Structure formats: C-alpha cells, structure tokens
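The values are calculated or read from the model by the stated rules, or taken from the named source; none is laboratory data. Treat the numbers as computed from the prediction; the structure is a model and nothing was measured. Please note: Cβ atoms are built from the backbone with ideal geometry, for glycine as well, and neighbour counts cover all protein chains shown.
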Amino acid sequence: MQTIRSLFFPKWTSDARLDGKTAIVTGANTGIGKETAKDLARRGARVILACRNTGRGEQAAQDIMREVSGAKVITKHLDLADTKSICEFAENIYNTERSLHYLINNAGVAICPYSTTVDGYEMQFGVNHLGHFFLTFLLLDLLKHSAPSRVINVSSLTHAMGKIQFDDLSSQKGYHPVKAYVQSKLANVLFTRELAKRTEALGVTTYAVDPGTVSTDVMKHLKRPFQEAVRAFSFMFRTPAEGAYTSIYCTVMPENQLVTGGYYRNCAKAESSRAGQDDGTALKLWAVSCHLLGIRWR
C-alpha cells in the first residue's frame, strides 16, 4: 500500500529555513492549514494561526509547540464570513506585527447547505473568495513593507468545473452546493492571476495551489453515503500533511523558480483550466469584488 501511495503522492522535501520570517495561515486549527503552519514553524518562521474558533486554534498552537521544539506560534481570531472581524484582525496585525512575509489563504468551506455570511453573501463565495480578497487587500501595505513577500491562495483542481455567475454570485436564483463551491475555487485562481499583475512590481508575488484530494473536515457536509465512500477509499486520499506540500513549496522555493500568478499542483507549475486563464473574467471579478466590499483597489 505504501508503494502504491508513493507513486500517486510523491513526497517533496526541502531544508529551506524561514528564520526571521512571519507567516499568517488562515484556517490553521486543523487539516492542511495546521500541517502548513507546523512545517513553517519547524523551519523557524513565526506563525500566526488565523482561526474562527479560537479554542481550537489555541489547541492547534499547543499541539505544534509540543511537536516542534522552539516553535513560535500564536493564535488570533478571524472570521472570514464577517468583514467586521476581518477588519479587526487586520488592525490587530498592524498593531502587533512589524512585518508579514507570507499570507497563506488556506481556510475554506465546501459543499455546505445554503447559508450566508454576516454581510449577506453565499457562504462559499463569501468565505473562500470575498473573505480572502478583503483580507489580502487590508494586509497589502504590510506585505509591501516586508517585500519580498508572498500570497498563497489554496484553490482546487475542481476549479475547472467552475463558472463565475456574475448575474447570481450569491446563488439567490438557485443554489447547488457543488456549483457554488467550484465557482469559489475558480475565483481563487482568477484572483491570483489578477493580483500578480498588480503586485509584482511591489515585491509581492502570488500563487494558486491545488492541494489534491485530501480527507479533512472540509468534507463534513457530504451526505452519509459519500462520507462512507470516502472512508472506504481513504487510501486514495492524501493526508493533510501531503495536502500541505504544494502550499509549502510555493512558500519556500526560490522566487526565480516560481511564476507569480501561476497555478501549482504536486509541487510543480501546472496549467489551470481555460476559464482560470481568462484575463477578462479575472478583471471583471476584481471590479465586482471591490464593489461588493465597498473598497477601491487599483
């Protein structure tokens, strides 16, 4: 079984150090986010776990500090479904941090029953895209001040199934959990593409990553038959640590070996879907996102 896994999930390693660097990982209390934070802490980075559930975040921080000698890890509250919480988190960061080298937009919700964010947007689009879009906007000055710095957006191979429904972004005309999810993952890829054009000259590079199919809490909203199928075929799924590889790869690889705005999977540059390479859609999504959030981001 281990030999079969090694063929499908080749292990990537690097001895790169991140001493003196600061990273924020959203959704770092569990799954891929927690494994990403642990790896960065092991490399010497100071890691901020940005979590909606601060109790679980504190437990994750304790776990990491117990497993990684000398780990510098703290937890801060962040609810990506609430723009007020995002503003408060960003203000706290500016008040307490002198630098920010890595922003890893990892948190997400998937295939959930219909609900809305505090500000009235469909939950998956609101958290997975708008929440991280707004967070990046608010932290950009600190990222520029700390340049060279990076933004890593965790997307999914399923973005290829997505379409940006500009006439119904919040699924008010009709909701399908999978369609809403893949729309949000396509939005991650398009956001990365447009952000790269606007920040490369500022010393801020950005990458979209596909972690692969990982068995994590993100699957908790699947119906029981699908959950049972996941358990039955668990050997085909990556562990959270394996799912974190590409995020870590885009964090630690030398900048000249990466392409800003690019899409990465299996620790290598990959081609996103045709929709993910549509500059016109990326620009329109940028403008619409700014309008929805009430911000001006040139």
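Restricting to region 85-99, and then to whatever is among the charged types (D, E, K, R) and part of a helix (DSSP H, G or I), can you tell me which residue is surrounded by the fewest Cβ atoms within 10 Å (Cβ to Cβ)?
E91
Here L142 meets each of (1) of a type outside the set (V, I, T); (2) crowded, with 24+ Cβ neighbours inside 10 Å; (3) closer than 27 Å to A201 by Cβ with one exception, condition (2). For region 252-267, a residue qualifies if it is among the acidic types (D, E) and surrounded by 17 or more Cβ atoms within 10 Å (Cβ to Cβ), but none of them does.
Scanning region 274-298 for residues that are closer than 17 Å to A196 by Cβ and not hydrophobic (A, V, I, L, M, F, W, C) yields G276, Q277, D278, D279, G280, T281, K284, S289, R298. Just one residue in the set G55, G70, G120, G31 is surrounded by 20 or more Cβ atoms within 10 Å (Cβ to Cβ) and either more than 24 Å from P148 (Cβ to Cβ) or within 16 Å of the chain's Cα centre (by Cα) (or both); that residue is G31.
Out of T281, T246, T251, which single residue is of a type in the set (S, T, N, Q), closer than 16 Å to K163 by Cβ and in a helix (DSSP H, G or I)?
Details: T246 fails: closer than 16 Å to K163 by Cβ; T251 fails: closer than 16 Å to K163 by Cβ.
Answer to the check: T281.
Inspect all residues belonging to region 100-112 and state whether any of them is aromatic (F, W, Y), surrounded by fewer than 21 Cβ atoms within 10 Å (Cβ to Cβ) and either assigned to a helix (DSSP H, G or I) or at pLDDT 95 or above (or both). Scanning region 100-112, I find no residue that is aromatic (F, W, Y), surrounded by fewer than 21 Cβ atoms within 10 Å (Cβ to Cβ) and either assigned to a helix (DSSP H, G or I) or at pLDDT 95 or above (or both), so the answer is no.
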